[in-house]
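The values are calculated or read from the model by the stated rules, or taken from the named source; none is laboratory data. The shown structure was predicted, so the numbers you read here are calculated from the model rather than taken from an experiment. As a convention, Cβ positions derive from the backbone with ideal geometry for all residues, glycine included, and neighbour counts pool all protein chains shown. Areas reflect the complete protein model, heavy atoms only, side chains present, ligands, DNA and RNA absent. Shrake-Rupley method; radii C 1.70, N 1.55, O 1.52, S 1.80 Å.
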Amino acid sequence: MSARVPMADVRSLALSPAEAARRRREEGANVLPGARPKPFLALVLGIVAEPMFQMLLVAGGIYLALGSRAEAFFLLGFVFVVIGITLVQERKTERALEALRDLAAPRVCVIRDSEESYVAAHDVVRGDVIRLHEGDRVPADSVLCEGHLSVDESILTGESVPLEKWPVPPDAALGLPGTHGVGSLFAGTIVTKGRGTAIIRTIGGATAIGRIGQSLVQTQNASSGLQRASRRLIRNLTVAGLTLALAQLLLSWLWNGQMFLDSLLSGIALAMAILPEEIPVILTVFLALGAWRLSREKVLTRRVAAVETLGAIGVLAVDKTGTLTQNRMEVAELALEGGRLDARAGAPLSSGFAALIDAVLLATPPDPFDPMERAICQFAAATGRTRPPDLVFESAYDLAPHMLAMTRVYAQGTPTRVLATKGAPETVLGLCDLPAADLQSIKDQVTAMAARGLRVLGVAKAAMRGALPKAQGDLRLTFAGLVGFIDPPRADVPAALAECRRAGVRVIMLTGDHSVTAAAIAVRVGLSERPGVITGPEIGALSDDDLRERMHHVDVCARLQPEQKLRLVRSLQQGGMVVAMTGDGVNDAPALKAADVGIAMGGRGTDVAREAAALVLLDDSFASIVSAIHQGRRIYDNIAKATRFVFAVHVPIVVLVIYPVLVHGATLLMPVHIVLLELLIDPTCSVVFEAEAAGADIMARPPRPVSATPFSRSRIAFAVAQGAGIAAWLLIGNHLLAMHGVTGAQRRLSLFVGLVLGLLLLIAANRDLSRPFYRRAAVRNGSVAMVSAAAFMMLVLMITVPTVRSLMAFSWSGWAQLGYAGLLVAGIGVWLEAARRMARGALSFRGARR
């Protein structure tokens, strides 16, 4: 018999209603602590402090002051987009904690003053005596004092197999989640089998699940590298742009002697040319549309910044249960003395294996809640095995701490009784009289099955007459065989893992499961061929530096506690890696939130995991992660193309605004010209480059370095070189036209036409630097045709409509002006191709030197 407190003694420990009320007042309700939401004003002030937000306001204000309402509303509209995104993000932590609170059982059977009653879960207090049975959710951390329970703790540990819980003294210390055989029960876990009486030890935030909630509050979402780089860039360019604009105003007014209003307009034109208002537009539109594209791949985006980070993922830390596997049990293998059968192959059962299934089915109650027992019933139904109708259930021997087996007894209408037993193989073998050689052979089978990652049950049967022994250990049975169970891998996992390796993404398994099972699953799905496994206790004994070093050589981490998953994620990040974490349980939530990209399972995942993650897989398909990484890389590449175009296109505009001031020449670009150019540049940045298809090698190259940014000096230098060449060619053309007596208004028209058509060539050149722009033009992108058509229509309107031409300060003298513009465009095309070849040559030279 197991050591336990008698039921009468447990009732004597029950609190009185008055004492329960006192503790409720002093210690509070059994609810998880919530984070205090930020006031609305604090949110608004935080948004206004963002340089990206300030840039949108400044640029929108300038355009509104100049009367360009369409451009102003286009930019200012993104202000509300930014506010909306931020407000949604700030609500995420509060929703995550609300989801944790919802995991509590709604009603609990409590014993007070020796009377049983049902109360709301939030009303139980420390010291309450509660009754639990199959299907209940444990309301608070407790110790089991009477009875026997099987409890599913996967919500805390990630382990899909229920754990057996045995009675302990009321003053016993609480153990750790995932510990087999002890009497510790934890809030949020589910009773899968049995009945019992427990005493509550901790409630609310002091429970294991409550501590996870506290870590969610303390874990902050870090800004992505792109966000940090864009803030620095925008801040620096804003200061530089406004400084140069002020200098332009003073030079025009004091040095050139222009009227103050003309000088002010000149300074505003320069500010409009320099201020990169397209950068926040690019980031907002690309990431928002990226989230929309991901939703079409069954990936829900909860944190928009994660869309860009996807492309930099270097390590994918995956939870085994529910991510690599299906979080359910399945009969995988049957074994008899001297033979075994792959149960998933669909082969017909021989008489011996059929007898084994009949025996284990009889040892299983009908309509069970336990996942392994459900798997037995499902397999029996799939193979056509049923319970004999003449057998009537009579009694059962239950599990006990010293007897890890259960036996069901059936009457057959005669003095003969049929017994069927299942349980731990070593226990079942102890109930059978077997020769030493046969016993050793079966034990070897058990060891081999366990090494393949299987959960193994021994099965025995007997037919007995007369009185049954009182103790299950006195039964003498006939060994029937072994049944192996597995949490089956998801079908799409092996191919997805192979794609990750091709893309240079390292995959690491994080699980609360046993090391042997974890290693076997890793080999089965193709995650790793390395035998090394590191366990939770080993991690706890390592320093941070030693852990980082050890993780260079290990791909499987087993027997982990929730805080260790969080520590591993942070250790990998400190090693310079961009880390994505997948998971579906409460135990995964802190690590999901701390990871650069947290990815939760939408179907099987808990609300807590979904709320803590940045992305949610709506179809629970691991392959969707690969699609998300593909999209993330495409989005980053296109952001780089768009920003390169923005810097390049602004250079000739800035030069054409400043040059006349320096040489005391006629104005070449006026504010109205810049507004029209911006109306072409903005949709080009936000539509054309966003729609670019991914390169053929996008998943065949390693992840980009953590320090990589679209705003790096080399990228900006190349873009400036592109723009400087265009500006130089336009200035040379302007000088030659002036030498031939072409008036300022006529030159302005030719230069503007050349600049607009050069802008279209710049688009083509920056779509793909690996080949000439005229070859890339054959690759379909409907947005390019749309922008090109708009540009040509604008030019036709300005040339053919006198009123518009006069408004633009142009003068038309004949078709020769378009010929001049054609020569300018041809020169621009030659320069862009030369710049591309020089850039690729420089890259090849640096690569050869390495």
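A few points about this structure:
- Single unsatisfied condition, Thr709 versus (1) open to solvent by 30 Å² or more (accessible area, probe 1.4 Å); (2) among the hydroxyl-bearing types (Ser, Thr, Tyr); (3) not in a helix (DSSP H, G or I): (1)
- Cβ-Cβ under 6 Å pairs, at least 6 apart or on other chains, segment 501-514 side closer than 15 Å to Ile539 by Cα, far side assigned to a strand (DSSP E or B) and among the charged types (D, E, K, R): Leu510/Asp319
- Checking Glu692 against (1) closer than 16 Å to Gly829 by Cα; (2) surrounded by 20 or more Cβ atoms within 10 Å (Cβ to Cβ), the condition it does not meet: (1)
- Of the residues Val706, Val626, Val672, the single one that is within 28 Å of Leu832 (Cα to Cα), touching a residue at least 40 places away in the same chain (Cβ under 8 Å) and among the β-branched types (Val, Ile, Thr) is Val672.
- Positions within segment 485-507 being assigned to a helix (DSSP H, G or I) and buried (at least 20 other Cβ atoms within 10 Å of the Cβ), in sequence order: Val493, Ala496, Leu497, Cys500
- Screening Thr284 with (1) closer than 30 Å to Arg634 by Cα; (2) at pLDDT 80 or above; (3) polar (S, T, N, Q) gives one miss only, at (2).
Per-residue answers, yes or no, for (1) modelled with pLDDT under 85; (2) closer than 22 Å to Asn734 by Cα; (3) outside any helix (DSSP H, G or I); (4) open to solvent by 40 Å² or more (accessible area, probe 1.4 Å):
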position	(1), (2), (3), (4)
Gly754	no, yes, no, no
Ala765	no, no, no, no
Leu769	no, no, yes, yes
Arg775	yes, no, no, yes
Val784	no, no, no, no
Ser788	no, no, no, no
Leu797	no, no, no, yes
Ala809	yes, yes, yes, no
Gly814	yes, yes, yes, no
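- Segment 816-838: number of residues that are open to solvent by 30 Å² or more (accessible area, probe 1.4 Å), more than 52 Å from the chain's Cα centre (by Cα) and not small (Gly, Ala, Ser): 2
- Reported count of residues in segment 734-748, each being in a helix (DSSP H, G or I) and touching a residue at least 40 places away in the same chain (Cβ under 8 Å), is 7.
- Selection status of Ala518, buried (at least 21 other Cβ atoms within 10 Å of the Cβ), farther than 30 Å from Val307 by Cβ, modelled with pLDDT of 85 or more and of a type in the set (A, V, I, L, M, F, W, C): yes
- Residues in segment 547-597 that are of a type in the set (Asp, Glu) and assigned to a helix (DSSP H, G or I) were compared, and the one that is surrounded by the fewest Cβ atoms within 10 Å (Cβ to Cβ) is Glu549.
- Test for Gly413: is it more than 23 Å from Ala354 (Cα to Cα) and surrounded by 21 or more Cβ atoms within 10 Å (Cβ to Cβ): no
- Within segment 120-141, the set of residues being under 33 Å from the mean Cα position of the chain (by Cα) and either open to solvent by 10 Å² or more (accessible area, probe 1.4 Å) or among the polar types (S, T, N, Q) (or both) comprises His122, Gly135, Asp136, Arg137.
- Some residue of segment 672-691 being over 30 Å from Val315 (Cα atoms) and not in a helix (DSSP H, G or I): no
- Matching residues, segment 675-704, being closer than 30 Å to Gly576 by Cβ and at pLDDT 85 or above: Phe689, Glu690, Glu692, Ala694, Asp697, Ile698, Met699, Ala700, Arg701, Pro702, Pro703, Arg704
- Of the residues contained in segment 438-449, one or more are found to be more than 24 Å from Pro368 (Cα to Cα), open to solvent by 10 Å² or more (accessible area, probe 1.4 Å), aliphatic (A, V, I, L, M) and more than 46 Å from the chain's Cα centre (by Cα).
- Of all residues making up segment 178-196, the number that are touching a Phe, Trp or Tyr at 6+ places or on another chain (Cβ under 8 Å) and open to solvent by 20 Å² or more (accessible area, probe 1.4 Å): 3
- Residue within segment 458-471 that is part of a strand (DSSP E or B), surrounded by 24 or more Cβ atoms within 10 Å (Cβ to Cβ) and either on the phi > 0 side of the Ramachandran plot or at pLDDT below 90 (or both) present: no
- Selection of segment 319-345 for residues being open to solvent by less than 50 Å² (accessible area, probe 1.4 Å), among the small types (Gly, Ala, Ser) and under 38 Å from the mean Cα position of the chain (by Cα) yields Gly322, Ala332, Ala343.
- Qualifying residue in segment 652-664 (condition: without any contact (Cβ under 8 Å) to a residue 24 or more places away in the chain and buried (at least 18 other Cβ atoms within 10 Å of the Cβ)): yes
- Single match in Gly829, Gly814, Gly782 (criterion: within 19 Å of Glu692 (Cα to Cα) and not hydroxyl-bearing (Ser, Thr, Tyr)): Gly782
- Checked against the criterion of being hydrophobic (A, V, I, L, M, F, W, C), open to solvent by less than 10 Å² (accessible area, probe 1.4 Å) and at pLDDT below 90, the candidates Leu431, Leu510, Leu482 yield just one match: Leu510.
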